[in-house]
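Colleague: To start, I am sharing the structure in question, which I have written as structure tokens.
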Amino acid sequence: MTKNEIADVLTEIATLLELKGENVFKVRAYQAGARALEAIEQTALNLLLAEGTLQSVKGIGEALAQKIGELHATGALIFLEKLKASVEPGLVEMLQIPGLGPKKIRALQEKLGVVDLPALTRACEEGRVAQLDGFGEKTQEKILAGIKNREAYGKRHLWWDAAEIAAPILAGLRALPQVKKAESAGSLRRGLETVGDLDFIVAAIEIAPVVAWFVAQAGVKEITAQGETKASVRFLSGLQADLRIVPEEQFAFALHHFTGSKDHNVQMRQRALARGLSLSEWGLVAAEGEGTAKEKIATMKLGPSAAGSIQSEPELFAALGLSFIAPELREGLDEIERAGCAEFPRLIEIGDLRGAFHNHTTASDGGHTLAEMTAAAEALGWEYLGIADHSKSSVQARGLSEHRLGQQLEDIRVLNASNRFKTHVFSGTECDILPDGTLDFEEALLRQLDYVVVSVHSAFSQDEATMTARLVKAIEHPCTHMLGHLSGRLLLRREGYRVDVAKVIDAAIAHRVIIELNANPWRLDMDWRHWRKAAERGLLCAINPDAHDIGGLGYVRAGINAARKGELVAEQVMTTWPLARVQAWLRTRR
Ligand code: DGT
Ligand code: CA
Ligand code: CA
Ligand code: ZN
């Protein structure tokens, strides 16, 4: 970390301590430390740290010097993590409201019992905040406006929505004559299920026209920052985007840095340090000697592993003795350690898919007919398409009765026999798992279908043990092939129901039942965090778009992201298998 970054951390610590009502001298010590760092030269700081004499600087004591050393070397501080965890999260959130500092927040807490934003909103609306000493009507109004603004703009966005906004911008950037390279970075590139903001990294020979083009994009509501080499904008949806422009020789470093994640970056920097190197968004240079990486590169004091020779991320990883780590795996889990030992297997790609199983038609709540859905699957080049309309208990989704399911079965038989499409259609059902774990259709009917997906669509509020037993019972049913959307979550809208995921995975493995990776961008369920371990233990996956219209088939792209984050390879995902193998597998489950 640079001295300015460290100073910011010290200021943050002071704020958190003040928020906790800690001793004012302690608070001031951190504030003074931050000011002292701001006054000092980076080279002087490096020297003092190297000599271990930082505490000789006015305003920096023994304890502070130790913390600064830790931050400088590792970019992280255990003390800060602990401190953050000890403060009520609602109070920390209140700090983001303009006009609210630690003193005011403490007053709100002590006098009005306000500890989070919903309570603060109520207190403002009831006029109680205006009556407090040092607040008044104006402040109250400003706080309310700040909360509303935060609600509109502070939220995260679905990966899918963010990707749709990013795609034309990235294409536009690449088409500019001044642009040599352009990529989107950040959580979007890592394929995270939700995205805070977009990050674009561009290598350009001329900067100003690129910035001018970026801030003039359709849908830009506001330019929130504009500097010499960067700009930030806010789109109508509230999504923000950061653009950074770098010289071409820095592109790989900037792309890696701004792809993150932050945890991954911290660990990469530690690995570099252990090899006597300093890694940053600007380059990779020898760690010893004076100056930051940026300064060293600026003054061309380049070491043998200088920035100039590294042109790409694979080369950057190789320079640290690592095999290439796909962006989706850079979450700071154990990927760096593993990349030091071996290559990662080739992760699943969109082109590996040959079909999907959980799709709806106009027979239940879908928007396109069986023939329209099949034509769309054929256009995607899929060998097979599974139709799984809702079952009779899902009344609101126009679930099929036994009679109507029988008709659909016949329709599918006729369609396949007609050879009208190259895509084979499997007849299935998304059969409700009733609250007691039994299925919505009789076994005799289920046996006539090619396959059965079982899902929960009711009684979401069951306790964990009941819900877990319910899912396990459905998995044990002899006709079940797949479990649909395991947790029932809707990202940014609704938490999943309470369920013991480990027990459900165990049951699925034991009974050779597939757990789907529901690729609907709102769901991405089962969560990517469970896949790697489960698949290693033999769990089979199916990437299912849960399409309710022809456009919905394209959701598999979001599913591929999640599958890659879960480190799945094609073999572990049944929907990459050829038709004959899928048919054989479905039959052995009978
Ligand atoms: P988001 O936008 O909240 O979904 O998540 P990210 O990962 O896109 O985060 P963002 O946009 O704040 O920053 C992009 C990347 O830049 C981040 O993944 C890692 C890097 N980065 C940002 N701030 C820091 C930092 O304080 N330390 C380190 N080591 N890296 C950072
Ligand atoms: Ca971001
Ligand atoms: Ca950002
Ligand atoms: Zn469903």
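Colleague: Can you list residues from other chains, or at least 5 along the same chain, whose modelled amide H is less than 5 Å from the amide H of Leu198?
Modeller: Gln240, Ala241, Asp242
Colleague: Let me ask something else. Relative to the longest principal axis of the C-alpha atoms of the chain, give the angle of the C-alpha long axis of helix 3-19, reported between 0 and 90° and rounded to the nearest 10°.
Modeller: Computed tilt is about 80 degrees.
Colleague: Over the heavy atoms of Thr229, what accessible area does a 1.4 Å probe trace out, to the nearest 10 Å²?
Modeller: Using a 1.4 Å probe on the heavy atoms, I get roughly 60 Å².
Colleague: For the stretch 77-149 and the stretch 400-477, compute the distance between their C-alpha centroids and round to whole Å.
Modeller: When both Cα centres are located, 50 Å separates them.
Colleague: Could you sort His360, His511, His257 by accessible area so the largest value comes first, with the probe set to 1.4 Å?
Modeller: The most accessible residue leads, giving His511, His257, His360.
Colleague: So how do Asp411, Asp389 rank on accessible area, 1.4 Å probe, biggest first, that is with the largest at the start?
Modeller: Result of the area sort, largest leading: Asp411, Asp389.
Colleague: I would also like to ask the following. Which of the three applies to the stretch 190-249, rounded, prolate or oblate, going by the alpha-carbon gyration tensor with a ≥ b ≥ c and a/c under 1.5 meaning rounded?
Modeller: Oblate, since a/c reaches 1.5 and b/c is not below a/b.
Colleague: Quick one: Karplus J couplings for the stretch 393-405, per residue in order, coefficients 6.51, -1.76, 1.60, θ = phi - 60°, nearest Hz, x for Gly and Pro?
Modeller: So the J values, rounded to whole Hz, are 6, 7, 4, 5, 9, 6, x, 6, 6, 4, 5, 5, 5.
Colleague: Tell me which residues come under 5 Å, amide H to amide H, from Gly386 once H is placed; ignore anything under 5 positions away on its chain.
Modeller: Here the answer is Ala356, Phe357, Phe426, since their amide H atoms fall under 5 Å of that of Gly386.
Colleague: A further question on this structure: What is the gain in length, in nm to one decimal, between Ser309 and Glu443 on full extension, counting 0.36 nm per residue of separation less the C-alpha to C-alpha distance?
Modeller: 41.7 nm
Colleague: Suppose only helical runs count, i.e. DSSP H with n ≥ 4. What mean residue ellipticity at 222 nm does that imply for the chain under -39500 (n - 2.57) per run, divided by all residues and rounded to the nearest 500 deg cm²/dmol?
Modeller: That calculation yields -13000 deg cm²/dmol at 222 nm.
Colleague: Right, next: Would you check the accessible area of Glu125, probe 1.4 Å, heavy atoms only, in square angstrom rounded to 10?
Modeller: 120 Å²
Colleague: Through the Karplus equation 6.51 cos²θ - 1.76 cosθ + 1.60, θ set to phi - 60°, convert the phi angles of the stretch 364-372 into ³J(HN,Hα) values in whole Hz; use x for Gly and Pro.
Modeller: 10, 9, x, x, 10, 6, 3, 5, 5
Colleague: Could you give the angle, 0 to 90 degrees to the nearest 10, between helix 501-510's Cα long axis and the longest principal axis of the Cα atoms of the chain?
Modeller: Roughly 40 degrees between the two axes.
Colleague: Then there's this: Accessible surface of Lys155 in the full protein assembly, 1.4 angstrom probe, to the nearest 10 Å²?
Modeller: Rounded to the nearest 10, that gives 110 Å².
Colleague: For the stretch 19-72, what Kirkwood radius comes out of the mean inverse Cα-Cα distance, in Å?
Modeller: 11.5 Å
Colleague: Further, regarding this structure: May I ask you to derive the FRET efficiency for Ser323 and Glu349 from their Cβ-Cβ distance with R0 = 30 Å, giving the value to the nearest 0.05?
Modeller: FRET efficiency, Ser323 to Glu349: 0.95.
Colleague: Packing-wise, with mean Cβ within 10 Å as the measure, how do 349-359, 27-37 rank, highest first?
Modeller: 349-359, 27-37
Colleague: Indicate the gyration tensor shape class of the stretch 458-543 (rounded, prolate or oblate), computed on the Cα atoms with a ≥ b ≥ c the square roots of the eigenvalues: a/c under 1.5 is rounded; otherwise a/b larger than b/c is prolate and the rest oblate.
Modeller: oblate
Colleague: To test your reading of the geometry: what angle, between 0 and 90 degrees and rounded to tens, separates the Cα axis of helix 159-175 from the longest principal axis of the chain?
Modeller: 70 degrees
Colleague: Please work out the FRET efficiency for the pair Gln66 and Thr466, using the Cβ-Cβ distance as r and a Förster radius of 51 Å; give the result to the nearest 0.05.
Modeller: 0.50
Colleague: Kirkwood hydrodynamic radius, the stretch 3-152, all distinct C-alpha pairs: what's the number in Å?
Modeller: With all distinct Cα pairs of the stretch 3-152 included, I get 16.9 Å.
Colleague: On a straight-distance basis, which lysines could pair with Lys3 in a cross-link, Cα separation under 19 angstrom, same-chain partners fewer than 8 positions away excluded?
Modeller: List returned: Lys58, Lys67, Lys262, Lys294, Lys296.
Colleague: Kirkwood hydrodynamic radius, the chain, all distinct C-alpha pairs: what's the number in Å?
Modeller: It works out to 27.3 Å.
Colleague: Now a separate question. Rank these residues by their accessible area, most exposed first, probe 1.4 Å: Ser278, Ser237.
Modeller: My answer, sorted largest first, is Ser237, Ser278.
Colleague: What GluC sites (Glu not before Pro) in the stretch 393-493 are in a loop by DSSP, with at most 13 other Cβ atoms within 10 Å of the Cβ?
Modeller: Glu442
Colleague: Can you give the three extents of the C-alpha atoms in the stretch 350-589 along their principal axes, from longest to shortest, in whole Å?
Modeller: Result for the stretch 350-589: principal-axis Cα extents of 47, 37, 36 Å.
The values are calculated or read from the model by the stated rules, or taken from the named source; none is laboratory data. Because the structure is a prediction, the values reported are computed rather than measured. Neighbour counts run over all protein chains shown; Cβ positions are idealised from the backbone, glycine included. Quick note on the areas: whole protein, heavy atoms, side chains included, nothing else; ligands and nucleic acids left out. Shrake-Rupley method; radii C 1.70, N 1.55, O 1.52, S 1.80 Å.
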